[in-house]
Every structure is written in C-alpha cells, then in structure tokens.
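Asks: Can you read through this structure? Questions will come right after.
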Amino acid sequence: MRRIRLSARPSRRYARHSRPVLATALALAGLGAGLVATAPTAQAAPPTPPSAATARTMLAGLTVDGEDSLSGYDRDLFPHWISQGDSCNTREIVLQRDGSGVVTDSECRAVSGRWYSQYDGVTLYDSSGIDIDHVVPLAEAWRSGAHSWSWSKRRSFANNLSAAQLIAVSASSNRSKGDRDPAEWLPRSAYHCLYARSWVWVKNNYAMKVDPAEKSALSGILNRC
C-alpha cells in the first residue's frame with residue numbers, strides 16, 4: 001500500500017498503473033452511473049466534524065451579519081484542484097478517500113470504484129458522474145468574508161482535506177445545491193445533522209460570518225441532532 005503525500009508540490013515520481021484505494025489510515029479518516037437506495041456497509045468519509053453540542057457552541061461564536069456583495073467573485077480566485085503529490089490532485093485524493101474499491105491509472109484518475117452520494121442517497125460506479133463539492137461553496141465563502149483573504153488562504157480553503165469541506169457527491173445533487181446555504185438548500189434529511197456540523201466547522205475554522213437566516217436554519221438542525 002503506497003503512501004500519498006499531502007503536498008502542494010508536484011511529485012517527480014511516476015504512478016503505478018494500478019493503485020489500491022488509499023492507505024488504511026487515510027481511509028479511516030474518511031464516506032464510503034447506477035443508482036442504489038442504500039449505502040454500502042463499509043464506506044469512507046470526509047473527516048468527522050465536531051459533535052452537535054460543539055457545533056452549537058461554534059455557531060454561537062460566529063459573527064451574524066448580512067452577506068457581502070458577490071462583486072469581483074471568480075472561481076479562479078480559489079485555485080483548485082492543486083497537486084497533492086504522486087501525480088494526484090485534490091479531486092483525485094477525495095475520490096479515493098470517499099470511494100470503495102477505487103482503482104486508479106498511471107495519472108491517478110479513478111477508472112473504477114463505488115461512491116455513495118450522501119446528498120441524495122445514491123451509489124455511483126463511474127467517477128465522471130461525481131462532483132467534489134465544497135460543503136461551504138466558494139461563492140458563499142466570498143460573501144462571508146473570503147473577498148478579503150489572501151490568495152494562499154483561498155487556495156487552502158478550496159483544497160482543504162483536513163476539515164469536512166470536500167465531499168464526493170453525485171453531480172446532479174451538487175448542481176441542485178449550487179452556492180446556496182442551509183437556509184436555502186439541504187441534502188436528504190438523514191444527512192442534515194452531519195451537513196450542519198460540517199458547515200459550522202468550516203465556517204468556524206475560517207472565522208466566516210453567517211447571515212441571520214443561515215444561523216436560524218443551522219440552529220434548528222443542530223438542536224434536533
């Protein structure tokens with residue numbers, strides 16, 4: 001089992017023609033185009049967010065204010081997907097982490113595997129039907145303070161593998177979500193709690209503000225967790 005280095009510098013090493021999913025340690029950190037109604041019994045996942053109680057405390061500490069203007073926003077101001085070493089970029093790392101039985105080619109592209117989309121509860125078998133969602137969307141981050149961040153901070157945010165900010169989901173569910181916050185869009189009900197905890201964790205980590213409707217929606221979910 002080869003080790004994947006989480007480095008922003010491209011690797012000079014050539015990848016093998018077939019790779020196992022990821023090292024066991026990374027798989028444990030993490031969820032695991034046909035459709036299946038139930039989740040696999042063994043699946044990977046993004047890093048586990050804080051408990052609902054901790055998330056409520058984090059939410060209470062965030063600044064509540066109206067959203068800033070989207071003027072000047074461009075996705076290119078949040079560089080992604082960056083190299084993570086061993087010929088892999090951030091998208092490819094998340095596909096390996098969040099999938100089951102993932103096999104990659106010499107360029108780290110997932111050629112087979114299984115992915116359970118938590119947003120809509122379907123299983124996919126083709127990586128081309130999968131988007132890597134930013135739980136807190138890039139445009140939402142811009143309206144919540146990222147317009148004043150440095151280039152390097154926005155780059156870190158867009159490729160963050162340490163918090164529950166990136167998740168492999170069906171392309172259709174990601175397009176449905178767009179850049180809306182939890183007051184405007186939520187995944188399937190069974191995932192509400194994890195989604196709200198993840199959202200608050202990310203906003204807390206980057207000291208982003210929340211608008212009143214967003215805070216109300218998050219509070220309601222966390223109080224029911």
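Asks: Between residue 63 and residue 152, what FRET efficiency follows from the Cβ-Cβ distance if R0 is 22 Å, with the result rounded to 0.05?
Replies: The calculated FRET efficiency here is 0.45.
Asks: How much length is gained if the chain between residue 175 and residue 162 is pulled fully straight, taking 0.36 nm per residue apart and subtracting their Cα-Cα distance, in nm to one decimal?
Replies: So the chain would gain 2.3 nm between residue 175 and residue 162.
Asks: A further question follows. Sort 58-65, 167-174 by the packing proxy (mean of other Cβ within 10 Å over each peptide's residues), most packed first.
Replies: 167-174, 58-65
Asks: Just the accessible area per residue of segment 158-225, please: how many Å² with a 1.4 Å probe?
Replies: 37 Å²
Asks: Might you tell me the accessible area per residue for segment 95-148, computed with a 1.4 Å probe and given in Å²?
Replies: Details: 1500 Å² over 54 residues.
Per-residue value: 28 Å².
Asks: Express the carbon and sulfur contribution to the solvent-accessible surface of segment 64-166 as a percent, rounded to the nearest whole number, probe 1.4 angstrom.
Replies: 45 percent
Asks: Work out how much length residue 126 to residue 184 would gain on full extension: take 0.36 nm times their residue separation and subtract the Cα-Cα distance, in nm to one decimal. Display every interim value, and only then the final one.
Replies: Details: separation 58, 0.36 × 58 = 20.88 nm, distance 2.90 nm.
Gain on extension, residue 126 to residue 184, equals 18.0 nm.
Asks: Right, another one. About its Cα centre, what dipole magnitude does segment 145-225 give when the only charges are +1 on Lys and Arg Cβ and -1 on Asp and Glu Cβ, stated in debye to the nearest 20?
Replies: For segment 145-225, the charge dipole is close to 160 debye.
Asks: Here's something else I'd like to know. For residue 205, put the label point 7 Å out on the Cα→Cβ axis and report which residues of segment 135-175 keep their amide N under 12 Å from it.
Replies: Under 12 Å, as judged by backbone N against the label point of residue 205, lie 135-136, 156-167 of segment 135-175.
The values are calculated or read from the model by the stated rules, or taken from the named source; none is laboratory data. Just so it is clear, the structure is predicted and the values come from calculations on it, not from any experiment. All Cβ positions, even for glycine, are placed from backbone atoms using ideal geometry, and neighbour counts span all protein chains on display. Accessible surface is based on the protein model in full, side chains and every heavy atom, while ligands, DNA and RNA are left aside. Shrake-Rupley method; radii C 1.70, N 1.55, O 1.52, S 1.80 Å.
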